[in-house]
1. When the residues of segment 87-100 are narrowed to those that are in contact with a Phe, Trp or Tyr (Cβ under 6 Å, 6 or more places away or on another chain) and over 16 Å from ILE158 (Cα atoms), which ends up surrounded by the most Cβ atoms within 10 Å (Cβ to Cβ)?
2. Would a scan of segment 132-148 turn up a residue that is part of a strand (DSSP E or B) and crowded, with 21+ Cβ neighbours inside 10 Å?
3. Which residue out of GLY35, GLY55, GLY76 is at pLDDT 95 or above, under 22 Å from VAL133 (Cα atoms), of a type in the set (Gly, Ala, Ser) and over 14 Å from the mean Cα position of the chain (by Cα)?
4. Anything in segment 106-131 that is of a type in the set (A, V, I, L, M, F, W, C) and either surrounded by fewer than 13 Cβ atoms within 10 Å (Cβ to Cβ) or in contact with a Phe, Trp or Tyr (Cβ under 7 Å, 6 or more places away or on another chain) (or both)? List them, or say none.
5. Based on this model, can you work out whether LEU103 counts as touching a helix residue (DSSP H, G or I) at 6+ places or on another chain (Cβ under 8 Å), of a type in the set (A, V, I, L, M, F, W, C), within 24 Å of THR11 (Cα to Cα) and surrounded by fewer than 21 Cβ atoms within 10 Å (Cβ to Cβ)?
6. Tell me which residues, restricted to segment 137-146, are of a type in the set (Gly, Ala, Ser) and closer than 14 Å to GLY53 by Cβ.
7. Quick one: in segment 106-130, of everything that is among the hydrophobic types (A, V, I, L, M, F, W, C) and under 14 Å from the mean Cα position of the chain (by Cα), which residue is nearest to LEU14 (Cα to Cα)?
8. Quickly run through segment 3-20 and pick out the residues that are touching a residue at least 12 places away in the same chain (Cβ under 8 Å) and over 15 Å from the mean Cα position of the chain (by Cα).
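The values are calculated or read from the model by the stated rules, or taken from the named source; none is laboratory data. Remember, it's a predicted structure, so these values are computed and weren't measured experimentally. Heads up, the Cβs are rebuilt from the backbone with ideal geometry, glycines too, and the neighbour counts pull from every protein chain shown.
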Amino acid sequence: MKATIETSKGTITLELDGEKAPATVANFAEYAKSGFYDGTIFHRVIDGFMIQGGGFTRDMNQKETREPIMIESMNGLSNARGTIAMARTMDPNSATSQFFINLVDNGFLDFTAPTAQGYGYAVFGRVTDGLDVVDAIAKSRTRSVGPYENVPEEAVVIRKVVVD
């Protein structure tokens, strides 16, 4: 399955791995098809690590999400440069709408053991076109907004996510 993330900095094309991460891909696709991502931003940008989006509006209000999904980090996919994975809290089964794209190989985020620390983060696809856009987003100047750090000074808006 393919997905296109249209942003204010350009377009990112993804190949989603529905075979290795079926529940995660279905969850992402449902959020995309419902228009949930339209107008959200990349709210956390750490150059040399990752860019994260899919949950906050331009004014840093968190959108209400559906119930969390079960983690699929034991699928053999690695948090390598250009892969997309689900963001979550300390609870491994807490991923909802937020995702991140790895800017470098982040193997330390991979599954190592079925423990709170060892579950890692579930990769569910990879960038096939637009890695230059991902890198441009990574270069955004950031600031703190209330309790949130690494927020781009100039909003990087997700205009639309199309899944086909």
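1. Looking at residues that are in contact with a Phe, Trp or Tyr (Cβ under 6 Å, 6 or more places away or on another chain) and over 16 Å from ILE158 (Cα atoms), I get PRO92.
2. no
3. After ruling out the rest, the residue left standing is GLY35.
4. Across segment 106-131, the qualifying residues are PHE108, LEU109, PHE111, ALA113, ALA116, PHE124.
5. For LEU103, the condition - touching a helix residue (DSSP H, G or I) at 6+ places or on another chain (Cβ under 8 Å), of a type in the set (A, V, I, L, M, F, W, C), within 24 Å of THR11 (Cα to Cα) and surrounded by fewer than 21 Cβ atoms within 10 Å (Cβ to Cβ) - is met.
6. ALA138, SER140
7. It comes out as VAL127.
8. Matches in segment 3-20: SER8, LYS9, GLY10, GLY18, LYS20.
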